[in-house]
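The values are calculated or read from the model by the stated rules, or taken from the named source; none is laboratory data. It should be emphasised that the depicted structure is a prediction, and the values quoted were computed from it without experimental measurement. Here Cβ is always computed from backbone atoms with ideal geometry, including for glycine, and neighbour counts include all displayed protein chains. All accessible areas refer to the heavy atoms of the entire protein, side chains included, with ligands and DNA or RNA removed. Shrake-Rupley method; radii C 1.70, N 1.55, O 1.52, S 1.80 Å.
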Amino acid sequence: MTGRATPPVRAQPAFTSESSAAERLAACKAYLAAESERIYQRHRAGGPGHKVTHALAGRMDRLLQPLFAAALDAWRKEHGEPPAPVCLIALGGYGRGELSPLSDVDVMFLYPSNVKGLGKFQEHLSNSVLYPLWDLRLKIGHSTRTLNEVFSEAVRDIRTKTSLLESRLIAGAEALYENFAETYRKHYLTDDPKAYIAARLADQASRRAQNGDTVFMQEPDIKNGVGGLRDYQNALWMARVRLGISRMDELEKQHYLQPAELRAFQRGYHFLLRVRNELHYMSKHPTDVLNLETQPRLAANLGYHQKALLERVEAFMQDYYGHAQAIYRISKIIEQRLALTIAAGPGIVGSLKNLLLARRADRTKRLDGFLLRGRELAAENPNVFKEDPVRLIRVFRHCQQLGCAPDVDLAALIRGSLKLITKKVIASLDANLSFRTMLEESGQVYAPLALMHELGVLGKFMPEFAPLTCLVQHEYYHRYTADIHTLSAIRELDAIFIAAEPIAESYRTELHRTASPSLLYLILLLHDIGKGEGIQGHAEAGVTMAAPVLNRLQVDPDSRETINFIIKNHLVMARFWQKHDLDDPQTSATFAEMVVEPDRLRYLYVHTYCDARGTSAGLWNGYKNSLHRRLFDTTLERLTLGDKVETRLRERIEMTRQTLIAQTIPGISPDEITAHFNLLPERYFIQTDAPEITLHIQMVNRLLHSISAADSLGSLRPVIEWTDDINRSYTTVHVVTWDRAGLFYKLAGAFSVAGLSILSAKITTRSDHIAIDTFHVVEPGRGVVQNQKAMDTFARTVEEALMNNKDLLPDITAQAKKFAEASRYTTTASELPASFPPTVEVYHELSLNRIIVEVQAHDQIGLLYRLVKTISDHGFDTTFARINTERSVAIDTFYIEPNKPETGAVDPAKLHALRDALRAIITPVAAPAAV
C-alpha cells in the first residue's frame, strides 16, 4: 500500500454541491482538458516516463476529490451526517500512482463492516462520483466494499490481493483507511506469503511463455512481455509480501540488489513507461504492443532522428531491448535472491538464509575451480576466471555436462568478467575445443548457448555473432531479433533429436543418415551470421564471415564445404517448393543438379524446417511440411536413381492404370481409364494418387454424359467435388469442366466471392480439352471449409461466370468492402513499405523451360482474380499456381504459356508489357481501404 494521495498543487475543477450536474460536468471537462494538455506538453518536452504517469495519476486525484467532497456535502444538506464513514481508495496501477494516457482507473469505496442501512447512501455516493466520470468517457473500474468483504475477497482472489497491495487514499475518512491499511499489511505478511509468491512465480512463468520466453520479440508487449513492466511490478509485489517493503530502493538497503542493479532496474522501468505513454498518445484505443507499423513514428516521436527509417527503428529498438533485458535479468535476480526461483516449486520456497543453509548441507563436488551443489554451480573463489580466462567458455560445457546452472553469484561474476575474453581466449585451442564439444551434444545445445548469450559471453567469444544481438529483422515473417531467431532454430534442432512426435522422428531419421548429424548445430549457429553486414545478400556474406570461426574450431575441409554450401543456400529449398510446380519432373531434376549430394540435401531439408520454425512457430504448418517433404523425396530419388527416374515413373503410371482397371470402377469402362491415362501429361501422375485419379475419371465421365443435355460445350455445368484433408487442415476442391479462355481466373474469382482463400492450385488439361483443376482452399483463420453457404456460393458463382460469362469484379469488390468494414478496427496501414515492397518478376526460367511470374504484394480480396485475369487478357494461360500469404502479404508464383502456339521464344516485349500491367495492379495509387 502506498499511502495517501499527493496534496493537490494544481487547480481542481471549480464547482460546489450547489452546482448543477451540467455545471459540474463542464468544470470537469475544462479541468481535464487543461491538465491533459499540460501533461502532454511535459511528455512531448521529454518528461521522464514515471513523472508523466505520476502527473496523470495526480490529475485523476484532483478530479475525484472535489466530486467526492461535493457528493458528501450534498448528502449532509439533504439527510444530515452520513450513516458511516467512507473513503475513496485508488487500486492497482492508479494506486501505485502510475497512469498512462489510456490506462484504466480502478477505485474502491470502502465502508466499515456491520453497518446497516447503507444502501441509499452508497448509491448516492457512487452515482455522484462515477456518472460524471462516465460522461467524460473515462474507463473506470469501481467496487464498493466493507472491511470484511475486502479481506474475504483478497483471500479468495489473488488479483484482488495484489491490487490491494498498492492501495492509496484519495479522499474521505483517513482513520478508516489507516485502519484498513495497517490491518491489510499484517494480513499479507502473515497469510501464507509463500503460497502467494509461488502463485506469482507461476504467473510470471506462464506470462513469459505466452510472450515467446524472450525479450527479443520483434513486436514486444511493453506491459506483459518478457522484460516488460509486469516483470518489474511482480518483483516489487513479491518483495513487498516477503520482506514488507513498499519501495524498490529498499531492496538495496536490505542487500538484495546492488546499487548498479537498482539503477539499471529503475532506469529500464522509467524508459518503458515513457515508451508506453507515447504509444498511448499515438493510439485511439489502449494497446501495449510495439508492432512494426508503429515503431518508426514512435521512434521519431521519442527523439530518434536518424534519417534512414530502418536505422531509426533499429536505434530505438536496441535501446528498448537493452532496458527490457535489464528488467528481465534483475527481476530474475530478485527471485533467486529471495530464494523463490520458479524451479523451487510450491512448498519449497524460503528465505535467502535458509537457502544458503540448505546449499551447505548439499554434497559438494569440486571441478575446475567450481563447486557443484545440487543443480547449481558456484565459483570456488572470485578470481576463478582471472586465474584461467578459458573457464569463461568451459563453464558452459560443465553446465551442459552436469545438468546444472550457474548460481546467481557465478552468473554475476561471469557477466563482470567479459573483458577477460581477449583475442588470446578467442583463438585458444582449449576454448574452441570446449565450445565445439558443446555443439556436438545432440539434444542439449540450446540451453548452454542461450545462457552464454544471456550472460554476454557468446558475442564476446564469437565476435562475428555479436552484430546479430538485438538486430531487428524488418521482414514480415520474422518474430524474433536475429540473435534469438538463431537460438530458436537451434532449440528446434534439439527437439528433433529428443522429441517423440512423428514429425520430429521423420526429420531425425534423415539426419541420422548423414555422416555427422550434430554438424547441423554449427550450421544453424552460423547460417544468419551474414546479417551483421545487412539483410540483403546475407547468405553469401555469411560464407565469408564464417571462415574465421571455422578456422578457430578446426573444422575439416569436407565438413567446411558442406557448411558453406548450406549457409549460402539455406533459403533455397523453401523458395523452391514455394515457387515451383512439384509435379513437374524438371523441378526435382533442377534442384538435384544444385544440391549434388544426398547428405547436403538432408542437411538442407532439416535446416529449412528448423529455420522456419525458429522464425515463428506459426509459420510452419502441415501443408508446408507436405510440400517440403515432397521436394525432398523427389530430389533424393533423382540423386539416388539418376536417369532411371523417368523409367520408374512410367512403370509406376502403368502399374496404377492396371490396378484401376482390375479394381473395376463402377460405371467406368477399361477404355475410359486407358483414355484418361493417355490424354494427360506425365506430371499429372507424379503426386496424384490412385483414389484421386479415380475421382477425376468419375467426374470426367459425369461431364461427358451431360453433353447430350447441353446446348453447347460452353453451357456445360462444371463438375465440382469437395474433400477435407484434416491432417493438412485444408479442403481440396476438384473442378472438371470444358477448357475455355479465362477459366482459371474465373474459378479464382468465384473463391473470392465465396470468401475462401486459395493455398495452391494445380491446373491440368487433357488433350481432349477437358480441364481438371485442383485447388487447396481454407476458410480464413479456420482451416477446412465447413461453411455450406460458402460452398454453395462458389458453385453458383462458377456457373454464372462460366455459363453466363458474368463479370465477377463487382461481387468481389462488395466482398472486399464487407471484409474491410468488419476489420476496420484491427487493421493498420503499413509504415514499413521497405520491408516488403510490392514486386513483380516475369522471366523465362531456362533450367525448367518455363515462363514464371512471381508477385509479392499486400494481400487483399480479389487480388488473385485480378492478377490471373490480367495474365489471361495478355494472351497467356496459367498452367500452375502456388499461392502463399504470410502476415497479409501475398507471395504468389504462376507458370504461364501463350494461349496460342508460337514458334520460338516468346517476344520479351510481351513479357515486359505483362509485368507492367501486373505492377499497376499491386502498386496503390493512394492509400487503399484495408481489405
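Table for the structure above
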item	result
Packing-based ranking, highest mean first, of 86-97, 793-804 given that Cβ atoms within 10 Å are counted	86-97, 793-804
Dipole axis of the chain (+1 Lys, Arg; -1 Asp, Glu on Cβ), positive-most option in Leu759, Leu418, Leu471	Leu418
Inter-probe distance in nm under a simple model that places probes 7 Å from Cα toward Cβ, at Arg375 and Glu845	4.9
Nearest-20 debye value, the chain charge dipole, Cβ charges on Lys, Arg, Asp, Glu	3380
Cα-based Rg and Dmax for segment 76-147, where Dmax is the largest Cα-Cα distance (Å)	13.6, 39
Alpha-carbon centroid distance for the pair segment 501-534 / segment 411-461, whole angstrom	20
Under-5 Å amide H pairs with Cys87, H placed in peptide plane, nonlocal only	Leu110, Ala173
Descending semi-axes in Å of segment 482-641, equivalent ellipsoid built from Cα gyration tensor	23, 18, 16
Computed lengthening from Ala11 to Ala202, 0.36 nm per intervening residue step minus Cα-Cα distance	64.3 nm
Check: segment 194-343 dipole with +1 on Lys, Arg Cβ and -1 on Asp, Glu Cβ, in debye	420
Above-threshold pairs, the threshold being 25 Å between Cα atoms, out of Lys579/Lys789; Lys307/Lys460; Lys51/Lys186; Lys806/Lys869; Lys789/Lys818; Lys332/Lys423	Lys579/Lys789; Lys307/Lys460; Lys51/Lys186; Lys332/Lys423
Amide H within-cut-off set for Leu367, under 5 Å, with H built and near neighbours excluded	Leu372
Ordering of 107-120, 850-863 by burial proxy (mean other Cβ atoms within 10 Å per residue, highest first)	850-863, 107-120
Reduced Cα scattering model of segment 502-552, Debye log10 I(q)/I(0), q = 0.20, 0.25, 0.28 Å⁻¹	-0.75, -0.87, -0.96
Considering only the chain, percent of DSSP beta bridges that pair antiparallel, nearest 5	85
Pairwise centroid distance, computed over Cα atoms, of segment 248-265 with segment 148-169, Å	27
Where Rh is the Kirkwood radius over Cα pairs, Rg/Rh for segment 629-708	1.05
Carbon/sulfur fraction of accessible area - segment 363-461, other protein chains in place, 1.4 Å, %	51
Which label in (1) 30.3, 113; (2) 33.8, 103; (3) 38.8, 122 gives the computed Rg and Dmax of the Cα atoms in Å	(2)
Cα lying deepest toward the dipole's positive end in the chain, options Leu125, His285, Ile686, charges on Cβ	Leu125
Rounded if a/c under 1.5, otherwise prolate or oblate - segment 437-507, Cα gyration tensor axes	oblate
Translational diffusion coefficient (Stokes-Einstein; Kirkwood radius from C-alpha pairs) of segment 605-739 at 20 °C, 1.002 mPa s, in µm²/s	120
Net charge over other residues, Cβ less than 12 angstrom from the Cβ of Tyr94 (K, R count +1; D, E count -1)	-1
Mean separation of Cα contacts under 8 Å (6+ apart) over length of the chain, as relative contact order %	7
Charge dipole (the chain, unit charges on Cβ, about Cα centre) - positive-most of Pro557, Thr486, Tyr507	Thr486
Charged-residue dipole, Cβ positions (Lys, Arg, Asp, Glu), segment 21-190 about Cα centre, Debye nearest 20	380
Anisotropy class of segment 526-598 from Cα gyration tensor, a/c 1.5 cut	oblate
Additional length obtainable on full extension of the chain from Ile503 to Glu18, 0.36 nm per residue less Cα span	167.2 nm
For segment 363-461: relative contact order, % (alpha-carbon pairs under 8 angstrom, 6 or more apart)	28
Separation of the Thr659 and Lys194 label points, Cα + 7 Å toward Cβ, nm	6.5
Peptide ranges 626-639, 320-333 listed from the most packed, as the mean C-beta count within 10 angstrom indicates	320-333, 626-639
Cα centroid separation, segment 29-61 to segment 93-142 (Å)	21
Amide H contacts under 5 Å for Cys404, placed H, 5+ residues apart	none
Segment Thr422-Asn224, extension gain: residue separation times 0.36 nm, minus the distance between their alpha carbons	67.5 nm
Over the chain: helical MRE at 222 nm, DSSP H runs n ≥ 4 each giving -39500 (n - 2.57), nearest 500	-17500 deg cm²/dmol
Over segment 21-190, relative contact order from alpha-carbon pairs under 8 Å, at least 6 apart, %	27
Quotient of Cα Rg and 2.2 N^0.38 Å for segment 363-461, N being how many residues it contains	0.98
Å³ per residue enclosed by the Cα convex hull of segment 11-124	107
Ratio of the Cα radius of gyration of segment 185-339 to 2.2 N^0.38 Å, where N counts its residues	1.12
